[in-house]
Every structure is written in structure tokens, then in C-alpha cells.
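Some notes on the structure that comes next.
The values are calculated or read from the model by the stated rules, or taken from the named source; none is laboratory data. These numbers were taken from a predicted model, which means no experiment stands behind them. Here Cβ is always computed from backbone atoms with ideal geometry, including for glycine, and neighbour counts include all displayed protein chains. Quick note on the areas: whole protein, heavy atoms, side chains included, nothing else; ligands and nucleic acids left out. Shrake-Rupley method; radii C 1.70, N 1.55, O 1.52, S 1.80 Å.
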Amino acid sequence: MGISIEVNVNGEKRHSEVDARLLLVHYLRDTLGLTGTHVGCDTSNCGACTVLVDGKAVKSCTMLAVQANGAEVKTIEGMAENGELHPLQSSFKEAHGLQCGFCTPGMIMTAANLLERNSNPSEEEIRHALEGNFCRCTGYHNIVKAIQLAAQQLT
Amino acid sequence: MASLIGKPVKRVEDKRFITGKGRYTDDIVLPGMVYAYIIRSPYAHARINSIDTSAATAMDGVVAVFTGKDITGITGVPTGWQVNFKNGDTMKEPPHPLIVADKVRHMGDNVAVVIATSKELARDAADMVEVDYEELDAVADAVKAVAAGAPLVHDDVPNNIAFDFELGDKAKTDEMMAKADHITTLEFTNQRIIPNAIEPRCAIGDYNSATDRYTLYTTSQNPHLTRLLMCAFVLGIPEHKVRVVSPDVGGGFGSKIFHYTEEALMIWISQRIGRPVKWNSDRSEAFMTDAHGRDHITKAELGLDSEGNFLALRINTHANLGAYLSTFAPCVPTYLHATLLQGLYTTPAIYIDLTAAFTHTTPVDALRGAGRPEATFLLERIIENAAREIGMDPTELRRKNLIPPFDGVNEPGYQTQVALQYDSGNYEAVLDKALDMFDYKGFRERQKAAKAEGKLLGVGFSTYIEACGIAPSAVVGALGARAGLYESAQVRVQPTGKVSVYTGSHSHGQGHETTFAQIVADKFGINLEDVEVVHGDSEAVAFGMGTYGSRSLAVGGSAIMKSIDKVIQKGAKIAAHKLEANEDDLEFANGAWTVKGTDKSIGFGDIALTAYVPHDYPAGVEPGMDFASFYDPTNFTYPFGAHIAEVEVDKDTGKVKIVRYVAVDDVGNVINPMIVDGQLHGGIAHGIGQALLEGAIYDDDGQLINGSFMDYTMPRADDLPSFEVDRTVTPCPHNPLGVKGAGEAGTIASTPAIVNAVLDALSDYGIKDIKMPLTPERVWRAMQNGK
């Protein structure tokens, strides 16, 4: 029945037997209990489920768990290292880049991928990069500021 | 210890959200839990001839399938507000069943529910349920719904009219209108929008037969009211046996205030099957079942004299309430809309006639601003058109008609023509400040220069006032509310001097855990880290009326202030005993009681410990330091402001780009300016969404044809600019913090500012109005049809 997969999630190898139809997001949330990755829609538009797969931002509802076999997946739970918050995490707090917090993990993972590609993005480039992530609380104003702040800290 | 009030303190709740440790309802998994999938009506109006559940029931892993016929003796979810007809007849209040038995009345209505051991299995089994529908004619539009011969939503509601309503002086308004030198008319639709909090609704019912106790985990802004309504008015179960937990809530914007069918249904099912059961809405369900907002069709007339003074405002509105009356639905178009038609202006005569209609659509209720955006849009749009028609600058026309300043202390509050009395205001100040920030004179020059280059720049203005701090119980009771709208708070000083605060307000992103802690730490002179704010659990918090209507700080914060005062008063008795001083000779400051004029003092922590270890203790004083309070406001609070939008319209495509957005708001005293600014940003974005992007589209058969994020355009990061926000401070005179509320202000102001800006950019085209949302296609067509 189940298909055997091995996925490196936040630096830890996980072996699981999963249904072929299981989405990566449900694997993370339901099988591994990593509930920091959220589900906000059913059409891959909202971006709340964004994680890094082999370093690239991916909406984990657009991918099957079996497709992640052999991949390295990083979720919001894996962003802090040795108890130190990632600069994006601390800058979201510093710049008030979150309110209800539901879109926040997806925003941070998307921003992490942006800053990997472009260490000094303009406001326009940040807004463009966030096109696939909805936030209903902040009007994006402070999310943009938070990413700018993190970019400064990372360079 | 530096003062914390007024400082941009970073939020204490953030750490769990930025590390993925937030706990939302769907994150909760209970032992033995099963999953519910609700079969929704694909039709807006249909008779259910039969439902065959046998194939689904026979599947492995399916626990049960319930239809409306299984639920007996339960009428459905109630509404919390009663607005009777003008002639005194009782409001029509048809039942809203947990699952319909005979007929569906909107797309998404609950038809059956499948319970299975996994959510995938529940969904698979739902596909095996056969429902035989007989489709019936439907009506989705409020004006069409009340016309003769329209299909009836409820057989016993003639003409689909839930109630009609009027406010203001009709005779005086007609008389003043007849004297007007100029009458501006505007007919428009304030379109239906869909709330779309990013966290979909979720509910878990958990009945324990051994203790006969029920627990409901739910995505609610309002857990205590949900418990009360569900226990007393839906299921008839004992309230003291029911716990409602609303953990972290991923946005609400009004849509999670209401008691929904799914909440009561999960409790009912859990009791029937003896296991916990979870329902988690998917986004398609959210589009069809979260209560929608707005949806007014309005004819407005503004009468002016030859100098531009407003003489009279006359309104006729049809409000679409959807298929059933949601929790607050009757009060939104009436007491949250009609009562705000004075705006910031001295208009001496106002009259509104309103018809509230049932249609075959999703129920409509409060959505960020709730009624006040509709009132503000109406006023600010018609004033803009009036200015253009009489050839007066739009800012001058507004200024000429502004209510003069009053502080509500030395000068009385301002009595409007539409029932409310404003608390305090300095309205010209916000307009002046906004114009200054925007550089209005400079803009008109830039606009001319741009025009010479073939570019279309426009500026749009909006002022607003809102009634927040909802609400004085006796007043709302007289207006039809079936509940009081006070708030509760408990301040528990622990023996070590740490403080737990229990509030009936419930944050869904507003940062209560920080703002309330700032107040408590500041008043007690202790560290912010020594205060913990608890909310969202009926077992922990005595009672509460929840978070909506920008009420949490004005009402919930005031309740906390009452408990703080009680702690300080009791502490003074203990301190007087310990210091061998007269209580009247003590003062409390910086975390210590001091004998005035001496260095004899005792700290907050010592007094807390003494209260719990009362060995050396004043006679007649009870041990402990734990005070509950209820605060019922004496009036609404009235935030106000002035917003200015600058847009550029692309001549070739009709696309609107927001170049600048300036907002000056007065929300009274500010506890945390960072959080207040954040509330403004989000609110402005929501209102811009309505102006340019969003709108539910129903076809003539009542089908919601843009019910997904693929089709319903939400504002994205690159649709919006950064915002320039500032404020003035006019304290509220009637609550202890002097605060007014900030959660809805941006949404109320921004929609008309944007539309006015687009019409200003197109002023050479002779366009009177463009229907919202102002999509490129609509703007382009208006330009083609213009001069």
C-alpha cells in the first residue's frame, strides 16, 4: 500500500511509508507533526504552505510527499539554528511583519529563497517575490520592511 | 522603570509564530479523533428529494453519515440582534438549520456530513452519497429579491423582506432638500466582498461521556458568546459542562465572530459517536460559507445651498442579508451604518430608508468596518461628485462643512441627526495634517505637468468617523441587541509578584498579549516579562464578549484598568499596615507604596507575597490578590481621520497604480504605536482590495462564480504601495485609557479615497462613477464611453 520514502527534514533523516496521493504539506503536518507549515487554500495561491525543497521555495501543497523522496526539506521549524533565530525570523518580529502569524512561516520561507538569490533586493523586487503569498493582516507594508531589515543583517 | 504606555514594544506573542510554534485549531489532534466532510449544496435553491447514504456508510473507515433528517429537535443557529419593521411588526427570523432537511437556500448550504477515520476517506465517501436535487429558481440581488414575483427564499417571508428600517427626520429632510440650490445624486452598489482570513475556519467537537463534558475547539473571535449561543439557543446543553477553546486564530476580520452551524454540528456529532471529530474548512468552502460583507444597493441625494453648505442627505438602500440571518446581520446595515451618515459634517437633516432582503446567497454579516465602510463610501463619494458639480475644491467643500472641534469634557459631545452622540473630535486637524503631509498644492502642479505629458494622475480624499468600543449594553439593548456588550477582565497577582491577566477579548492578530501587558506592567511598575495575558479559553477566562468592532482596548482594556485599580487599592491597605502608616498618606508609583514625603516604602512584590502569606496582616482584609471586573462603556468611541490617495491611471489599459497613500488617523491615546500603525496598514489594504480588486460575483442562478483564490482577486504585495501614516491624538473622554480603537479605521477610509482618486484622474472624461472593483476593464470602458 504505502510507498517508502526517505526525506531529510530540517537536517534529520525521516523514513516513512506514505500513500501515493499524500501531499508534501500533509506529510509535514500530519505524518511528522510539523504544524508550522500551514494550509490556507486548495488552489496553490496563498503560499501559507511554502517550504524550501533543496533550497528552493516550493508550495508544499503542489508537491506529493513521494516527490520529496531523497530531497532536503526545510520548514519554519528548521530556520533557527542552535537556539539562534534566523535573521528573517528576528526581523519579522523587529519590524512587526506579522499579526495573526498564519501566513508568516510561508512568508519567511519565500523571503529566505529570495535573499538567497538576491542579497539586496529593492522594494519592488521584494513585492514581486511575495506575489505568491497572501497576507490579509499587514497590508504587506511591514513584511517588506522586515525583509529589507533581514537583508541588511545578512550582508 | 521607564513607562511602557505609548512605546513601540515588540510583540511578546511573535516568538511562537516566527518559529512555527503557533497553535491554531487545525494543529490540534486528539486521541481517537475522526474527521468530518460536509457535503455542500451545488445549487443556490433546490428541493432535496432524497439522499442515499448507503454506499458511503458501507465503506471501510466510515463512522457515520448524517443528514438533516437525523437532527431532530434542533431549530438551528440564532441571530443575536432583532430589528423590527418600521410598523412594529417582528423581524422575520427563519431557522438556519445545522443541516437542511428539505431545501437548500444558498450554494454551500449543509446537505449531509460524512464522518470517517481520515479526512481523505471522509472526502472519498462523500462522493458516494447520492443527493437528488430538484433545482428551483433563485435570486441573488437584493432589489430583484423584493420585487413582485421573485422566488422566495423562505416560504413564510413575503417579498423576501427580513425587515425594513428608517432613521432620521424624513419631513425635515424633504423640506431642506426642497430648499437646496443644488442636489447631487448618486446610485451605486457597495459590492459584496468575501473575508478570506488566511486561516480557514476549523472546529473540533470532543464529548466525554464519562464526565458528560463537551469541549469545542474553534477558530473564533468570540469563544464565550459561541458557548452561550450554542448551549442555550442551539443544542440545549448545560453551559457549565461546556468548554470552548479558541487557540491562536489566523485572522478573522469579522468572519469569525459568528456562531456557525459547523461548531454546533461537531459537538452534536461527537456526542452521538462518542469520539472527537474535526471539521476543517477548505478554501472553497470558506468562500461559500464564511459570512460575507457589504452588498448594498443605494440611491443617495445630497442637497447643498449656493455656497456649498450641506442642507440634507436622503438615502434609499437595499441591504442583502443572504439566505439566513447571521449572528450580527440585522445590526450591520442599520445601527452600524445608518447611524454613521452624519460623518464629520454638520448636515442638518438626514433620512435613510432601508430594506433588508433575503436572497439565495451566503449570509452577510460584519466584515472589517461593518456598515461604517458603507456609510463612509456613500458620503465621501457623493461629496466628491458634489464638489465637481458645483466647481469647488473637494477639500474646501469638506472643510466648509466640518463639525467644529469639541473635547467632550469642557464642550459637550456632538449630537448627530442619526441617534449617536460623538465623544470628542478635532476634525479639521486631521484634514490639515494629511494635506500637509501630502503636499496638496504641489500635487496639483504635478498633476498639470503629468497631463501635459499625457499621464493621468489623480488625488482622492476621504474623511471618516466610526462608532467603535462596542458597546454600551443599555443602548444596544434598546436597539435590539440580544446580549450585553461589556467586557470582563481578571488580574491575578501571583504570590511572587508575577501577574496573570485573563481577558474576555480574544486576539486574532491584534497583539493583545503585548498591549494589555504594557498597561498592566506600566501601572504596577513591574517588568513586561512579569505579566502574562491569557485569552480564548472559557475555562480560564470567566466571561467575555470577544474581539470585533475595534473594542478590545476601549472595552477590554478598560475592564483590566478596573481590576488594576482594585489591586492597587487593596495593596495600599496592606502597605499601610506594614509601614504603620495611614492609608491616605500613601502614594503608589514605580512599583512601590511610599509614605508621602518620606523614604518609607514597600514594593509590589512584597505586598503580593504578604497577601498570600498573611501572617502580619491588616484586620478585616481578605488574603489573596485577585480581582475580576466587568466594564460596560457609557458611550461608543469615535475614531476619525482623513486619508489621501494618489493614483496614476494607464490610458491604454485602464490599470490603476497607487502612487502614494497618506493617512492621518485619530484613535485617541495610543498604547503601542507600532501595533496601531500595523492595524492601519492592514485596514487600508483591505479597503483598497474592495476599491480595485475584490467582489463576489453571483450569476442569476445564484452561483458564486469566483469562489476560489484563482478567480477572486485578493490584494497582493505588488498591488500595494508602502503607506504614509501619522496621527493626531484626541483622547476619548469616557474610558480610563482615553483610547478609541484602530482595527477598522483603514478599511473604512481607503475605499472611497481610491475611487475618488481614479475619478479625479479621469476628470476630463466626464465620468460620474465607475462600479467597484475598478478593474482595468471597467476603467478602460468608462474612458471609452466618456468624453
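Annotations
- Any hit, the range A:66-75, residues being at the interface with another protein chain (Cβ under 7 Å from one of its Cβ atoms) and either in contact (Cβ under 8 Å) with a residue 12 or more places away in the chain or open to solvent by 10 Å² or more (accessible area, probe 1.4 Å) (or both): yes
- Those residues of the range B:201-234 which are assigned to a helix (DSSP H, G or I) and either more than 20 Å from residue B:507 (Cα to Cα) or touching a residue at least 60 places away in the same chain (Cβ under 8 Å) (or both), in sequence order: B:223, B:224, B:225, B:227, B:228, B:229, B:230, B:231, B:232, B:233, B:234
- Against the conditions (1) more than 14 Å from chain A (Cβ to nearest Cβ); (2) in contact (Cβ under 8 Å) with a residue 40 or more places away in the chain; (3) under 30 Å from residue B:27 (Cβ atoms); (4) of a type outside the set (D, E, K, R), residue B:303 satisfies every one except (3).
- Residues satisfying the stated conditions in the range A:97-140, i.e. more than 10 Å from every other protein chain (Cβ to nearest Cβ) and assigned to a loop (DSSP other than H, G, I, E, B): A:118, A:119, A:120, A:121, A:122
- Restricted to the range B:95-104, and to residues there that are in a loop (DSSP other than H, G, I, E, B) and touching a strand residue (DSSP E or B) at 6+ places or on another chain (Cβ under 8 Å), the residue that is surrounded by the most Cβ atoms within 10 Å (Cβ to Cβ) is B:98.
- Residue check for residue B:253: open to solvent by 20 Å² or more (accessible area, probe 1.4 Å), aromatic (Phe, Trp, Tyr) and assigned to a loop (DSSP other than H, G, I, E, B): yes
- Flag if residue B:555 is open to solvent by less than 30 Å² (accessible area, probe 1.4 Å) and under 19 Å from the mean Cα position of the chain (by Cα): yes
- Scanning the range A:87-96 for residues that are at the interface with chain B (Cβ under 7 Å from one of its Cβ atoms) and either under 14 Å from the mean Cα position of the chain (by Cα) or in a helix (DSSP H, G or I) (or both) yields a total of 4.
- Single match in A:81, A:94 (criterion: touching a helix residue (DSSP H, G or I) at 6+ places or on another chain (Cβ under 8 Å) and surrounded by fewer than 21 Cβ atoms within 10 Å (Cβ to Cβ)): A:94
- Number of residues in the range A:4-30 that are touching a Ser or Thr at 6+ places or on another chain (Cβ under 9 Å), in a strand (DSSP E or B) and either open to solvent by 80 Å² or more (accessible area, probe 1.4 Å) or not charged (D, E, K, R) (or both): the value is 9.
- Any chance residue B:760 is touching a residue at least 40 places away in the same chain (Cβ under 8 Å), touching a strand residue (DSSP E or B) at 6+ places or on another chain (Cβ under 7 Å) and part of a strand (DSSP E or B): no
- From the options B:198, B:237, residue that is open to solvent by less than 10 Å² (accessible area, probe 1.4 Å), assigned to a loop (DSSP other than H, G, I, E, B) and either within 29 Å of residue B:377 (Cβ to Cβ) or of a type outside the set (Ser, Thr, Tyr) (or both): B:198
- The residues on offer are B:242, B:234, B:277, and the sole one that is in contact with a Cys (Cβ under 9 Å, 6 or more places away or on another chain) and at pLDDT 95 or above is B:242.
- Of everything in the range B:589-612 that is over 45 Å from the mean Cα position of the chain (by Cα) and open to solvent by 30 Å² or more (accessible area, probe 1.4 Å), the residue that is nearest to residue B:339 (Cα to Cα) is B:596.
- Screening residue A:84 with (1) out of contact with any strand residue (DSSP E or B) (no Cβ under 8 Å at 6 or more places or on another chain); (2) closer than 29 Å to residue A:4 by Cα; (3) away from chain B (no Cβ under 11 Å) gives one miss only, at (2).
- Strands (runs of 3 or more DSSP E) contained entirely in the range B:474-538, each with at least 3 residues that are open to solvent by less than 20 Å² (accessible area, probe 1.4 Å), closer than 30 Å to residue B:241 by Cβ and touching a Lys or Arg at 6+ places or on another chain (Cβ under 8 Å): B:487-493
- Filter result (open to solvent by 100 Å² or more (accessible area, probe 1.4 Å) and either in a loop (DSSP other than H, G, I, E, B) or touching a residue at least 24 places away in the same chain (Cβ under 8 Å) (or both)) within the range B:771-787: B:771, B:777, B:781, B:787
- Yes/no for residue B:54 being within 30 Å of residue B:523 (Cβ to Cβ) and more than 28 Å from the chain's Cα centre (by Cα): no
- Annotation note: of B:284, B:270, B:306, the sole residue that is among the small types (Gly, Ala, Ser) and assigned to a loop (DSSP other than H, G, I, E, B) is B:306.
- Residue in the range B:583-601 that is among the hydroxyl-bearing types (Ser, Thr, Tyr), without any contact (Cβ under 8 Å) to a residue 60 or more places away in the chain and in a loop (DSSP other than H, G, I, E, B) present: yes
- Residue check: residue B:82 meets all listed conditions (1) under 27 Å from the mean Cα position of the chain (by Cα); (2) closer than 20 Å to residue B:362 by Cβ; (3) open to solvent by 40 Å² or more (accessible area, probe 1.4 Å) but one, namely (2).
- For residue B:741, the stated conditions do not hold, so it cannot be described as surrounded by 19 or more Cβ atoms within 10 Å (Cβ to Cβ) and over 21 Å from residue B:377 (Cβ atoms).
- Verdict on residue B:356 being touching a Gly at 6+ places or on another chain (Cβ under 9 Å) and small (Gly, Ala, Ser): no
So that you can scan it fast, the table gives a plain yes or no per residue for (1) in a helix (DSSP H, G or I); (2) over 30 Å from residue B:194 (Cβ atoms):
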| position | (1), (2) |
| --- | --- |
| B:351 | no, yes |
| B:360 | no, no |
| B:395 | yes, yes |
| B:398 | yes, yes |
| B:432 | yes, yes |
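- The set of residues from the range B:287-303 being under 25 Å from residue B:243 (Cβ atoms) and either part of a helix (DSSP H, G or I) or in the same structural domain as residue B:79 (by TED's automatic domain parsing) (or both) comprises just one member, B:289.
- Of the strands (runs of 3 or more DSSP E) lying entirely inside the range B:1-73, those carrying at least 1 residues that are out of contact with any His (no Cβ under 8 Å at 6 or more places or on another chain) and open to solvent by 60 Å² or more (accessible area, probe 1.4 Å) are B:46-52.
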